[in-house]
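See structure below.
The values are calculated or read from the model by the stated rules, or taken from the named source; none is laboratory data. Everything numeric in this text was worked out from a predicted model, so none of it was measured. Counting neighbours? That spans all protein chains shown, and the Cβs are built from the backbone with ideal geometry, glycine included. Protein only, heavy atoms only, side chains kept; ligands, DNA and RNA dropped before computing areas. Shrake-Rupley method; radii C 1.70, N 1.55, O 1.52, S 1.80 Å.
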Amino acid sequence: SKGNHRHYMLKEIYEQPVVVAQTLKSYLQRMEDRVSLPVPDFDLSAIRRVTIVACGTSFYAGMVAKYWFEQFARVPVDIDVASEFRYRAPVMEDEGLMIVISQSGETADTLAALRHARVEGQKIAAVVNVPTSSMAREADLLLPTHAGPEIGVASTKAFTCQLAVLAAFAANLARAKGRLDEKAEKELVRHLAEAPAALNAALAYDESIESMAHLVAGARDVLYLGRGPDYPLALEGALKLKEISYIHAEGYAAGEMKHGPIALIDDQVPVIVLAPSGPLFEKTVSNMQEVQARGGKVVLISDYDGVAAAGEGCIATITMPKVHPLIAPMVYAVPVQLLAYHVAVAKGTDVDQPRNLAKSVTVE
Ligand code: F6R
């Protein structure tokens, strides 16, 4: 049931602190602050290449994970949407691992990619939310998300749980490959373990996000900008807004603006900038200022320090808790979900059943 919530989507957004904690609990061993994953029946340390395949929101979780696998495990990562992957001639060498990511575990293109990779001799890991699904059954290594049933067509809690699993998996692979010493592993686990409380703190901004939804609800086009692991969050924010409010939205890598899309900027196009404090903050802010210099109306999503440093001149700011960059993609999912939700409610669309969309896409 929806409980006290007006829509399943809102209920599921609010479940995130609990379901992410639930998911982390099965992948982290807090007594010693180690990651603890199911042991596969193949040799993880031999894996030389990772191929991630998924669709939609699950694909964006994979994009975030690419940063982690490269950074922690130093393994090359190839990533593609499933509907493209299948129809190119992907080079899959021995000692390759395919990771499929899917809430339903039934998405036809992703399942076909899994089967293709199997024929090509890849090991298969599946990050899925439905434990009885086809992908769960066919994988060599099942890494379930414990988000519980997701009813709203727009994916929310499955996404943050996917990120939790993928971060733990990246750490696990790094350890298996001798790239993560005990001290670094403990630190990583402690940062990950902060995610549920940080998600909770992010939810506290619901009302302030609701009160600024009108700034976006009247727009015809909206841009979302981010960098590094928060670039996929810009894509996710744009997808959420498109799906449920039917407003045209695009996500861009902030640094790509000047290579074309900045031509779109005028005072009619709200630009949502995701810029948590961290190594990419300054660069993102300078891209944001290029937008402002052309009359663009910016909504800055950052933490207190970021908003204090760069919030001036924005039409609105959304202040997130200050978190370690590792968990920023999880935390920043909340404001982009809530913004899309409140804009859709303001427009009066059917939030849980957007037009033309199905929860599980079982056609190719
Ligand atoms: C977005 C959304 C879709 C799904 C995509 C993949 O809100 O719900 O983009 O993420 O259809 O579905 P799964 O994860 O079930 O493979």
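Observations on the structure shown:
- Area accessible to solvent at residue 350, 1.4 Å probe radius, in Å²: 80 Å²
- Dividing the mean sequence gap of close Cα pairs (under 8 Å, 6+ apart) by how many residues the chain holds gives a relative contact order of 20 percent.
- Quarter of the Cα convex hull surface for the range 273-364, i.e. its orientation-mean projected area (nm²): 8.4 nm²
- Using only side-chain charges placed at the Cβ, +1 for Lys and Arg and -1 for Asp and Glu, the dipole size of the chain relative to its Cα centre rounds to 220 debye.
- Straight-line reach from residue 2: taking Cα to Cα under 24 Å and skipping same-chain neighbours fewer than 8 places apart, the lysines in range are 11, 157, 240, 242, 347, 359.
- Accessible surface, the range 183-268, averaged per residue in Å² (probe 1.4 Å): 42 Å²
- Mean separation of Cα contacts under 8 Å (6+ apart) over length of the range 1-154, as relative contact order %: 24 percent
- Diffusion coefficient (Stokes-Einstein, Kirkwood radius over C-alpha pairs, 25 °C, 0.890 mPa s) for the range 72-218: 141 µm²/s, rounded to a whole number.
- Taking all protein chains together and rolling a 1.4 Å probe, residue 205 ends up with roughly 80 Å² accessible.
- Surface composition of the chain: carbon and sulfur atoms hold 50% of the protein heavy-atom accessible area at a 1.4 Å probe.
- Farthest toward the positive end of the dipole of the range 238-358, out of 247, 358, 317, is the Cα of 358, where the dipole comes from beta carbon charges about the Cα centre.
- For the range 169-300, taking the reciprocal of the average inverse distance between every pair of different Cα atoms yields a Kirkwood hydrodynamic radius of 16.6 Å.
- Top positive-direction residue, dipole computed over the range 83-178 with Cβ charges, set 85, 100, 176: 176
- Shape analysis of the range 241-282 yields a ratio of the Cα radius of gyration to the Kirkwood radius, Rg/Rh, of 1.01.
- Counted over the chain, the DSSP beta bridges are approximately 5% antiparallel.
- Size of charge dipole - the range 2-93 - debye, nearest 20, with Cβ of Lys, Arg +1 and Asp, Glu -1, no other charges: 320 debye
- Rounded to the nearest 20, the Cβ-based charge dipole of the range 180-285 about its Cα centre (Lys and Arg +1, Asp and Glu -1) stands at 180 debye.
- Cα-Cα pairs of the chain separated by more than 25 Å (percent): 51 percent
- Under the membrane-span-like helix rule (DSSP H runs whose alpha carbons stretch at least 24 Å along the helix axis, mean Kyte-Doolittle hydropathy 1.0 or higher), the chain yields 157-176.
- Positive dipole terminus of the chain, leading residue within 228, 273, 61 (C-beta point charges): 61
- Where the alpha-carbon atoms of the range 8-104 are placed on the principal axes, they occupy 41, 36, 24 Å, in descending order.
- By the Kirkwood approach, averaging reciprocal distances over each pair of separate Cα atoms, the range 166-245 gets a hydrodynamic radius of 15.7 Å.
- Charged neighbours of residue 83, selected by a Cβ distance under 12 Å, balance to -2 (K, R count +1; D, E count -1).
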